[in-house]
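This report refers to the structure that appears directly beneath it.
The values are calculated or read from the model by the stated rules, or taken from the named source; none is laboratory data. Since the structure is predicted, the reported quantities are computational estimates derived from the model, not experimental observations. All Cβ positions, even for glycine, are placed from backbone atoms using ideal geometry, and neighbour counts span all protein chains on display. Only protein heavy atoms, including side chains, enter the accessible area calculation; ligands, DNA and RNA are left aside. Shrake-Rupley method; radii C 1.70, N 1.55, O 1.52, S 1.80 Å.
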Number of protein chains: 2
Amino acid sequence: MTTFVGVAAMAATFLMPLPKDMTVGTGFVPITVSFAATVSGPGAQDARVQKAIPRLVARMARQTGIPIHPMNVPAVMEIVVAEAGHEGVQKLGDNERYSLTVADNHIKLEADTPLGVLRGMETLLQLVQQTPGAPGFGVPNVVIHDEPRFPWRGLSFDVSRHFMPVEVVKRELDGLAAVKMNVLHWHLSDDEGFRVESKKYPKLQELGSDGMYYTQDQVREVLAYAADRGIRVIPEFDMPGHSSSFLAAYPELGSGPGPFHVVHDHEEEPSLVMDPTKETTYEFIDGFIGEMAELFPDEYFHVGGDEVSPKKWIGTPHIKEYMDAHHMAKAADLQAYFSKRVLDIVTKHGKRMVGWDEILNKDLPKTAVIQSWRGQASLWSAAKDGYQGILSANYYLDLSYSAEHHYAVDPMKQPGKVFDLTPEQAKLILGGEGTMWEELCSPEMVDARLWPRLAVMAERFWSPESTTDVASMYERLDATSKWLEWLGLNHRTNPRLMLQRLAGPYPVEPLDTVASLVEPTKGYSRHAQKYGIFSTLNRLEFAIPSESDTAREFRNGVDAYLADKKTGEELQRHLATWEQAAKDVKPMMTNQSVLTQELPVAEGVRVLSEVGQQALSFLRGTAKPPAGWKKEAEAKIAPYVDQRFGDLLIQIAPGVKKLVAAVPAS
Amino acid sequence: MTTFVGVAAMAATFLMPLPKDMTVGTGFVPITVSFAATVSGPGAQDARVQKAIPRLVARMARQTGIPIHPMNVPAVMEIVVAEAGHEGVQKLGDNERYSLTVADNHIKLEADTPLGVLRGMETLLQLVQQTPGAPGFGVPNVVIHDEPRFPWRGLSFDVSRHFMPVEVVKRELDGLAAVKMNVLHWHLSDDEGFRVESKKYPKLQELGSDGMYYTQDQVREVLAYAADRGIRVIPEFDMPGHSSSFLAAYPELGSGPGPFHVVHDHEEEPSLVMDPTKETTYEFIDGFIGEMAELFPDEYFHVGGDEVSPKKWIGTPHIKEYMDAHHMAKAADLQAYFSKRVLDIVTKHGKRMVGWDEILNKDLPKTAVIQSWRGQASLWSAAKDGYQGILSANYYLDLSYSAEHHYAVDPMKQPGKVFDLTPEQAKLILGGEGTMWEELCSPEMVDARLWPRLAVMAERFWSPESTTDVASMYERLDATSKWLEWLGLNHRTNPRLMLQRLAGPYPVEPLDTVASLVEPTKGYSRHAQKYGIFSTLNRLEFAIPSESDTAREFRNGVDAYLADKKTGEELQRHLATWEQAAKDVKPMMTNQSVLTQELPVAEGVRVLSEVGQQALSFLRGTAKPPAGWKKEAEAKIAPYVDQRFGDLLIQIAPGVKKLVAAVPAS
């Protein structure tokens, strides 16, 4: 239960995920140049804790601008780690509980384990703010007892469709740790590229990566970076489908004759599949997984298993013969067989197998873990059958849905569905993963596609089930988004640079304003464009966040105004600014060739802003609508409401439509 | 001579420094995913050229958003290097000439040497822009013949008063190369800290650096990075003054008894000096310079020599005795003796000595190089006496003067002074250095203090003497400032983060707006505050550029309006926006304690904007001034014109004052 008193509201606006239990007092502990932390207890010497302390100090310095340095004074912060934590690799379910007590000019962070210390430090850093009265920064007096709701809280991160260099992966790991996530599910192979050096099968990177892959040293560097931050790394090598990059390197693995090659252009061919009828396929998989199982220390190992094209098997004579001979009626039966064989291999190498929904079948051993991209129902059904599972459905960050959309999704409930699992079955639902596929995302935009929306999933997986207030979420998400920039994430700064690139020699401000009112289209609608790893992604749709804060605030502002008629003047001022920007942006759009196709968007913003201002002046009674105005206005805005312009939506259209609708017909 | 035709005006707005000779045609060479460059000629295998090509491609990709990658098509760009260039270390005066011909879908870069190739590549990258018509990027057809005016074009960079980590130094080297500068003068020791590992005298870093120094490996890393970019690195170790960090480590070098320590707090004590009367001092200097002369390969070696306090010598009995015994009447005579001894040591180790003005004296050998911080006159006088010299006077970036101020300074001329050097003497004037002292600058603000203003000095040192048009300079500086961000310089993005830190939970926009109208106070006025290496520099004055573009544009706008009465409405709109922002920012300033002291600035902006709007409405005739308005208005704005608020100036005040003055008294 969360209790707020005193300056609680202020302190609470900074936290995401919200802690399980929090009491805020009055007063602050100031952060000064002499800030320092001591650590004691059986876990004090844990390397993660020892490395985390200087990171904490450096981040505190960056967030405050105070040049904190060692001084000969008593430390203001005390860390106590009750247990040493087990040796070796972090495990699913490792204790992450912590307590944070800020009072009497003292900060005390207590945790059972080193992991708990890491989580508590992030909470502490989120609480830093300017102290009232004397100029400076501090941490409000507060008592927090916190622990996560789910043990598996992660990001599924595709680096095949667009390769993400090591520094990007590290940056995202910083972000994950900052919102207390603990899993990076690293999607390392797909049709578009194989991304890890194999010493045993070097053709994988030589022929399957276009030269874009992580060396094993780089993998180890990432793993160490993640481990230091309390994040497990689960590798995924997708098979038997999504495997063109395997087949480009080793065509003998393929169903049917080659030549195979890495997919550069999405349209060029459907997903290729491995041949599950040949023993040599399993020999390869055994050797390959053996090598990778050693490289990646986590207990879990993901083998994909999604979207296997039945045609590729049934259409191949020797495979069809094999199926007939083994009484397999459907391709799914053959996949079940393949999954079982792969599971045996994964198990032999000391790992638990994770796969997407499709691997599920009645013969699958219960050690398998199901990652559901189809919905809660398949997760619950798997749990009933005794399988562990994690939810990814409706957590797809690449589809440009709003934070609110994702926030509403809960692994344990779904409107209109009955959750009838026993407590024991419920425990098999481990948590979830935000999921980011990179077909339409290059490294320069990836931070902005992940953040800040991933933070609301972090909250869903960490905070109590009752944490569902959308207004509070957006307020805290805004604070979190700003705060995440101190880690070096560029989700706010890089889109500005990209808009600048579009504006060229023109002042960027009108483009900034118009861009803040539009969003990319949702779902898979953007996939209609031709795309591939070497497509140029520099147009406006790639330089804007997936969700427009300004448009959402306008929508809420219109609802509020129509309810209480109070803030009409402010709305009108915004609409006037947008109209001006829409006019100012046109010469730029006309002359900057990469922007020219967006001229209809500028015109739409202009028309909507103009009509919106008229509607408001009528609603506010500062003017009277001429006869027939409403009908005309509806016709004028119709081309911009729920219409796509290329892959863009003008998201102030619904609000303007409501304003027009509210004007009485004359 | 620079000739512009066709789209010339557009192309020219991107270039800084302006080339010596340029002809712009019509049409573009498009940049596509298959962009590639071949290189031929005797210098083709030079490592600098070989490493520069992939950097060029990566930067082209970043500037365009096009995923350039190797394809099996003919290269669009051809590089020809006529000479191999000499072996080993880059030398003063090495040929930097290049020609760039963009025509007929082909880019040809020709240079005598690898250095010329590097310079030409920067010009090419600055020319990249969106192509008219078809969406995409390209380079305009152009013929450029270019070479520098001066051979020594650098930045004097203090890393003692605030230590600048290696990644900062590398970033600035990228910036220097981008504007064709070729010297990093690295001020590595001062009272506040000694910043290089000495293996021979390890106490220097152990006792003189607060743990903030470059290891020799890091120095070599920086040197290699600079050499790859055609930049010479001149180390400076300041002596006999500004040497507290030497004395903290080796007190026996000091004039008078210790204990000595590194200066943490500017007020605590004046600059300490070495004892020039003891042979052991020279033995130490010999050993030390011997080690450093090996570490730093450049032919030139800077030994400081500035601001030696005579009192420290004359007030010490054994030094006074020594001076009397050797017939030295003044401390300057003793410094002359010291300089001569040090020059002999520097020469013995194979280097040419550089020092600040003060080293100059009648007995100084002509091999010494004079860096003038006092003005052109001392430079010319030194040249007359046969000394090489470089100008730093009036190029001090830390003093917050405008780009225009620095742009007006020329090593070879000065208003009211007669330059009466022979051509041979004139050649001794090698160029100049922008100079950045870091007393009031931490690493998070250093990019914004250096850039973009340093680019105008780069132009002064590279472009023809006649390149002096201020309006053109500001237009190109704006483009250059944006373009420099593609290199990772954070001069535009980091101040935004720092403003965000000040704004805390409040929307940052009104603070952005108000901050865009103010500047730090000029010259040494800011040094009245208590400061030191561990001072907290997080207030508003540290989060704003040294020059306000908005205020300058407003000033120019007012002048234009008063001349032609055309743009009054636009000016009024700006003033209205500023008035609103000044109102909106007050709650934030009241509650955010680090901002609270700036409330008078917000009030000043509010009053000035209000009065400015009134004045404009009277001037435009949309309203009539009430009796006595002018007198009242003058009284109202007086507290904000030419007044400092802490260390801030409200820079729209002069423009508003002019508007009020233009209203007829009533």
Q: Search the structure for amide H atoms under 5 Å from the amide H of B:V369, placed 1.01 Å from N in the peptide plane, and list their residues when 5 or more places away or on another chain.
A: B:M353, B:V354, B:G355
Q: Provide the packing ranking of B:317-324, A:486-493, A:604-611, B:95-102, i.e. peptides ordered by the mean count of other C-beta atoms within 10 Å per residue, highest first.
A: A:604-611, B:95-102, A:486-493, B:317-324
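Just checking the output field for A:59-71: average partner chain Cβ neighbours within 10 Å of each residue's Cβ? It would help to have the intermediate numbers written out before the result.
Working: counts 0, 0, 3, 3, 1, 4, 13, 5, 10, 2, 5, 2, 1.
Shielding by partners across A:59-71 averages 4.
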Q: Would you mind getting me the FRET efficiency between A:V470 and B:E221? Use the beta-carbon distance for r and R0 = 45 Å, nearest 0.05.
A: 0.35
Q | Phi to ³J(HN,Hα) by Karplus 6.51 cos²θ - 1.76 cosθ + 1.60 over segment A:413-424, Hz, x for Gly, Pro | A | 7, 7, x, x, 10, 9, 8, 10, 8, 6, x, 5
Q: Treat each spin label as a single point 7 Å out from the Cα along the C-beta direction, and report the B:S617 to B:H106 distance in nm.
A: 6.6 nm
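Pairs of alpha-carbon atoms within less than 8 angstrom and 6+ residues apart define the contacts here; what relative contact order does segment A:570-666 have, in percent? Working shown, then result.
Working: 103 pairs, mean separation 28.4, N = 97.
It comes to 29 percent, rounded to a whole number.
Expressed in nm², what is the orientationally averaged projection area of the convex hull enclosing the Cα positions of segment B:47-197?
Details: hull surface 46.5 nm².
So the Cα hull casts an average projection of 11.6 nm².
Could you do me a favour and compute the accessible area per residue for chain B, 1.4 Å probe, result in Å²? Let's see the in-between values first.
Details: 24210 Å² over 666 residues.
Roughly 36 Å² per residue, with all protein chains present.
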Q: Run the dipole for segment B:309-371 about the Cα centre, Lys and Arg Cβ at +1, Asp and Glu Cβ at -1, nothing else charged, and hand back the magnitude in debye, nearest 20.
A: 200 debye
**Q.** Highest-first arrangement of A:344-353, B:387-396, A:524-533, A:134-143, where packing means the average Cβ count within 10 Å
**A.** B:387-396, A:134-143, A:344-353, A:524-533
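Would you please put A:539-550, B:248-259 in order of how densely packed they are, using the mean number of other Cβ atoms within 10 angstrom per residue and starting with the highest? Don't skip to the end; give the middle numbers.
Working: A:539-550: 20.6, B:248-259: 17.9.
In descending order of packing, they fall as A:539-550, B:248-259.
Translational diffusion coefficient of segment B:480-612 at 37 °C, 0.692 mPa s, Stokes-Einstein with Kirkwood Rh over Cα pairs, in µm²/s as a whole number. Don't skip to the answer; put the middle values down first.
Values: Rh = 16.3 Å.
Value of D from the Cα-based Kirkwood radius: 202 µm²/s.
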Q | Copies compared at A:I314 - label distances in nm, ascending, label defined 7 Å from Cα in the Cβ direction | A | 10.4
Q. Which three extents, in whole angstrom, do the alpha-carbon atoms of the protein assembly as shown cover along their principal axes, largest first?
A. 111, 79, 75
(Q) Cross-link candidates for B:K20: which aspartates and glutamates have Cα within less than 18 Å, leaving aside residues fewer than 8 places away along the same chain? (A) B:D94, B:E96, B:E110, B:D112, B:E122, B:D146, B:E147, B:D410, B:E459, B:E465, B:D469
Q) Which Cβ of chain A lies nearest the axis of the rotation superposing A onto B, and at what whole-Å distance? A) A:T493, 2
Q. Using +1 on the beta carbon of Lys and Arg, -1 on that of Asp and Glu, and nothing else charged, what's the dipole of the protein assembly as shown about the Cα centre, debye to 20?
A. 2820 debye
**Q.** Label point 7 Å beyond Cα along the C-beta direction, distances from A:A44 to other copies (nm, shortest first)
**A.** 6.6
Q | Relative contact order (%) - criterion: Cα under 8 Å, at least six apart; region: segment A:204-332 | A | 29 percent
Q) Given +1 on the Cβ of Lys and Arg, -1 on the Cβ of Asp and Glu, and no further charges, what dipole in debye does segment A:348-453 carry about its Cα centre, rounded to the nearest 20? A) 520 debye
Q: Read phi for every residue in segment B:117-127 and hand back ³J(HN,Hα) as whole Hz from Karplus 6.51 cos²θ - 1.76 cosθ + 1.60, θ = phi - 60°, with x for Gly and Pro.
A: 4, 4, 5, x, 4, 5, 4, 4, 5, 5, 7
Q | Shape parameters for chain B, alpha-carbon atoms, Rg then Dmax in Å | A | 27.0, 82
Q: Report, ordered by chain and residue number, the aspartates and glutamates lying within cross-link reach of A:K636, taken as a straight Cα distance under 13 Å and ignoring same-chain residues fewer than 8 apart.
A: A:E603, A:E610
Q) Along Cα→Cβ at 7 Å, what distances in nm separate the A:A627 label point from those on the other copies, shortest first? A) 5.1
(Q) If you count only protein heavy atoms and use a 1.4 Å probe, how large is the accessible surface of A:S400, to the nearest 10 Å²? (A) 0 Å²
Q: For A:K522, go through the lysines and keep the ones whose alpha-carbon is under 17 Å away, minus same-chain ones fewer than eight residues off.
A: A:K530
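Helix-only estimate, please: 222 nm mean residue ellipticity of the protein assembly as shown, summing -39500 (n - 2.57) across DSSP H runs of length 4 or more and dividing by its residues, to the nearest 500. Show your work: numbers first, answer last.
Details: 48 runs with 544 residues, N = 1332.
Value at 222 nm, helices only: -12500 deg cm²/dmol.
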Q) Measuring from label point to label point, each 7 Å out along Cα→Cβ, what is the A:S40 to A:L295 span in nm? A) 4.5 nm
**Q.** Chain-alone versus full-assembly comparison, segment B:488-528, residues with accessible loss of at least 30 Å² (1.4 Å probe)
**A.** B:T493, B:R496, B:L497, B:Q500, B:R501, B:P505
Q: Would you grab the residues whose amide H sits under 5 Å from the one on B:G532? Only those 5+ places off in sequence or on another chain, please, with H modelled 1.01 Å from N.
A: B:H266
Q. Taking θ as phi - 60°, what are the ³J(HN,Hα) couplings along segment A:283-293 by the Karplus curve (6.51, -1.76, 1.60), each to the nearest whole Hz, with x for Gly and Pro?
A. 4, 4, 4, 4, x, 5, 5, x, 5, 6, 5
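Test of understanding: express the Cα radius of gyration of segment A:69-145 as a ratio to 2.2 N^0.38 Å, with N the residue count.
Working: Rg = 14.5 Å, N = 77, 2.2 N^0.38 = 11.5 Å.
Computed over Cα atoms of segment A:69-145, the ratio equals 1.26.
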Q: Return the long-range amide H neighbours of B:F194 (sequence gap of 5 or more, or a different chain), with a cut-off of under 5 Å between placed amide H atoms.
A: B:S209
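Would you mind giving the total buried accessible surface between chains B and A, with a 1.4 Å probe and ligands, DNA and RNA left out, rounded to the nearest 100 Å²?
On the way: alone 25890 and 25900 Å², together 48430 Å².
The B and A chains share an interface burying roughly 3400 Å².
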**Q.** Listed pairs A:K330/A:K384; A:K278/A:K312; B:K631/B:K658; A:K91/A:K348; B:K91/B:K200; A:K51/B:K200 exceeding 21 Å between Cα atoms
**A.** A:K330/A:K384; B:K91/B:K200; A:K51/B:K200
**Q.** Intensity falloff of segment B:313-371 expressed as log10 I(q)/I(0), Debye formula with alpha-carbon point scatterers, at q = 0.22, 0.25 Å⁻¹
**A.** -0.84, -0.96
Q: Compute log10 of I(q)/I(0) for segment A:383-538 with the Debye formula, placing one identical point scatterer on every Cα and leaving out solvent, at q = 0.19 Å⁻¹, to two decimals.
A: -1.30
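If you count, for every residue in A:120-129, the Cβ atoms of partner chains within 10 Å of its Cβ, what is the mean?
Counting other chains' Cβ atoms within 10 Å and averaging over A:120-129 gives 1.
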Q. Of A:A111, A:M121, A:T131, whose Cα points farthest to the positive end of the dipole of segment A:87-141 (charges on the beta-carbon: +1 Lys, Arg; -1 Asp, Glu; origin at the Cα centre)?
A. A:T131
(Q) In the protein assembly as shown, if the dipole is taken from +1 on Lys/Arg beta carbons and -1 on Asp/Glu beta carbons about the Cα centre, which of A:G350, A:Q614, B:H318 is farthest to the positive end? (A) A:Q614
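Please compute, for peptide B:212-225, the average count of beta-carbon atoms on other protein chains lying within 10 Å of each residue's beta-carbon. Present the calculation step by step, with values, prior to reporting the outcome.
Working: counts 1, 0, 0, 0, 0, 0, 0, 0, 0, 0, 0, 0, 0, 0.
Taking the mean over all residues of the peptide, I get 0.
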Q | Alpha-carbon radius of gyration plus Dmax, which is the widest Cα pair, for segment B:235-376 in Å | A | 14.6, 40
